[in-house]
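J.: There's a structure below that I have some questions on.
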Amino acid sequence: KVYLDEWDTFVDASEVKGKKATVRLHTILHNSGGEKAAGDLHIRILSPQGKEVCSATRPISAAGKSDIPLSFTFDIGKPELWSVDTPSLYTACLSVKSGGLSDEITVPFGIRTIEFSAEKGFLLNGKPLKLKGGCLHHDNGLLGAVAIDRAEERKVELMKANGFNAVRCSHNLPSEYFLQACDRLGLLVIDEVFD
């Protein structure tokens, strides 16, 4: 009854100064039961190679039927920055244990800075980058509007193979798997919500 939800979990890894990145993690702990629950929330940050670079444990106490917002800040030394050429992804592993039961979620994220300048244009990690992109609709051609994981990933692979580093999702929200493939393969996304 005590659980986490990946849609309530947000990682902000956009602050990089020198050889240190500050990662801010926000989540909500849910207690859907009618009774008070106590336990521990454990967070581990894994490098792109799978090594633990940070961790924290916080005792939790949740009244019956409650949602508790929680925030954590981690410093990562010598971060591997996400870019279109080297899409390095870290992983935040969150687990909650209460009454012997546990819930666990993982959230991938990239450490990178994004800026816009009238003089230099778009800056990714402090370096100017020209966006070479195109527009993609949510559908998969003859397969229709269904979001098939491999078809979504193939669209990203084709864009990258043809020299693109960005995509505008035209008129509709893309599938979650499409966005995950963009993160993994190094494609910037301009996400258009409505037509």
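The values are calculated or read from the model by the stated rules, or taken from the named source; none is laboratory data. Here the structure is a predicted model, which means the values were calculated and not measured. Cβ atoms come from the backbone with ideal geometry, glycine included; neighbour counts cover every protein chain shown. Keep in mind that these areas ignore ligands, DNA and RNA; they rest on the heavy atoms of the full protein, side chains included. Shrake-Rupley method; radii C 1.70, N 1.55, O 1.52, S 1.80 Å.
J.: With respect to Ser55, is the statement that it is modelled with pLDDT of 95 or more, among the hydroxyl-bearing types (Ser, Thr, Tyr) and in a strand (DSSP E or B) true?
T.: Values: modelled with pLDDT of 95 or more: yes; among the hydroxyl-bearing types (Ser, Thr, Tyr): yes; in a strand (DSSP E or B): yes.
Taking the combined requirement at face value, the residue satisfies it.
J.: What about Glu80, is it of a type in the set (Asp, Glu) and under 21 Å from Leu123 (Cβ atoms)?
T.: yes
Per-residue answers, yes or no, for (1) on the phi < 0 side of the Ramachandran plot; (2) open to solvent by 30 Å² or more (accessible area, probe 1.4 Å); (3) at pLDDT 95 or above; (4) part of a strand (DSSP E or B):
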| site | (1), (2), (3), (4) |
| --- | --- |
| Leu123 | yes, no, yes, yes |
| Cys135 | yes, yes, no, yes |
| Lys160 | yes, yes, yes, no |
| Pro174 | yes, no, no, no |
| Cys182 | yes, no, yes, no |
| Ile190 | yes, yes, no, yes |
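J.: Among the residues of region 162-172, how many are open to solvent by 60 Å² or more (accessible area, probe 1.4 Å) and under 25 Å from Leu123 (Cβ atoms)?
T.: Looking only at that region, the number is 3.
J.: Which number in (1) open to solvent by 80 Å² or more (accessible area, probe 1.4 Å); (2) out of contact with any Asp or Glu (no Cβ under 8 Å at 6 or more places or on another chain); (3) not β-branched (Val, Ile, Thr) marks the one condition that Arg58 misses?
T.: Every listed condition holds for Arg58 apart from (2).
J.: Could you check Lys130 against (1) modelled with pLDDT of 95 or more; (2) outside any helix (DSSP H, G or I); (3) in contact with an Asp or Glu (Cβ under 6 Å, 6 or more places away or on another chain) and say which number it fails?
T.: That leaves (3) as the condition not met.
J.: Right, another one. Hey, can you tell me all the residues within region 19-50 that are at pLDDT 95 or above, surrounded by fewer than 16 Cβ atoms within 10 Å (Cβ to Cβ) and of a type in the set (S, T, N, Q)?
T.: The one that is at pLDDT 95 or above, surrounded by fewer than 16 Cβ atoms within 10 Å (Cβ to Cβ) and of a type in the set (S, T, N, Q): Gln49.
J.: Is one or more of the residues making up region 153-164 in contact (Cβ under 8 Å) with a residue 60 or more places away in the chain and either within 16 Å of Lys132 (Cα to Cα) or out of contact with any strand residue (DSSP E or B) (no Cβ under 6 Å at 6 or more places or on another chain) (or both)?
T.: From region 153-164, those in contact (Cβ under 8 Å) with a residue 60 or more places away in the chain are none; that's our starting set.
No, because not a single residue in region 153-164 is in contact (Cβ under 8 Å) with a residue 60 or more places away in the chain and either within 16 Å of Lys132 (Cα to Cα) or out of contact with any strand residue (DSSP E or B) (no Cβ under 6 Å at 6 or more places or on another chain) (or both).
J.: Let me ask you something else. Please specify each residue of region 92-117 satisfying the condition of being modelled with pLDDT of 95 or more and in a loop (DSSP other than H, G, I, E, B).
T.: Gly110, Arg112, Thr113
J.: If I filter region 137-155 down to residues being in a loop (DSSP other than H, G, I, E, B) and in contact with a helix residue (DSSP H, G or I) (Cβ under 7 Å, 6 or more places away or on another chain), which single residue comes out as farthest from Ser170 (Cα to Cα)?
T.: Selected residue: Ala147.
J.: Take Ala151 and decide whether it is out of contact with any His (no Cβ under 8 Å at 6 or more places or on another chain), crowded, with 16+ Cβ neighbours inside 10 Å and at pLDDT below 95.
T.: So Ala151 fits the description; yes.
J.: Could I ask something else about it? Out of all the residues in region 71-84, which are charged (D, E, K, R) and either surrounded by 16 or more Cβ atoms within 10 Å (Cβ to Cβ) or closer than 20 Å to Tyr177 by Cα (or both)?
T.: Within region 71-84, Glu80 is the sole residue that qualifies.
J.: Can you tell me which of (1) under 16 Å from Pro108 (Cβ atoms); (2) out of contact with any Leu (no Cβ under 6 Å at 6 or more places or on another chain); (3) among the hydrophobic types (A, V, I, L, M, F, W, C); (4) surrounded by 13 or more Cβ atoms within 10 Å (Cβ to Cβ) is the one Val16 doesn't meet?
T.: (1)
J.: May I pose another question? Mind listing whichever residues of region 106-121 are surrounded by 12 or more Cβ atoms within 10 Å (Cβ to Cβ) and charged (D, E, K, R)?
T.: Across region 106-121, the qualifying residues are Arg112, Glu115, Lys120.
J.: Okay, moving on. Conditions: (1) among the charged types (D, E, K, R); (2) at pLDDT 95 or above; (3) assigned to a strand (DSSP E or B). Asp85 meets all but one. Number of the miss?
T.: (3)
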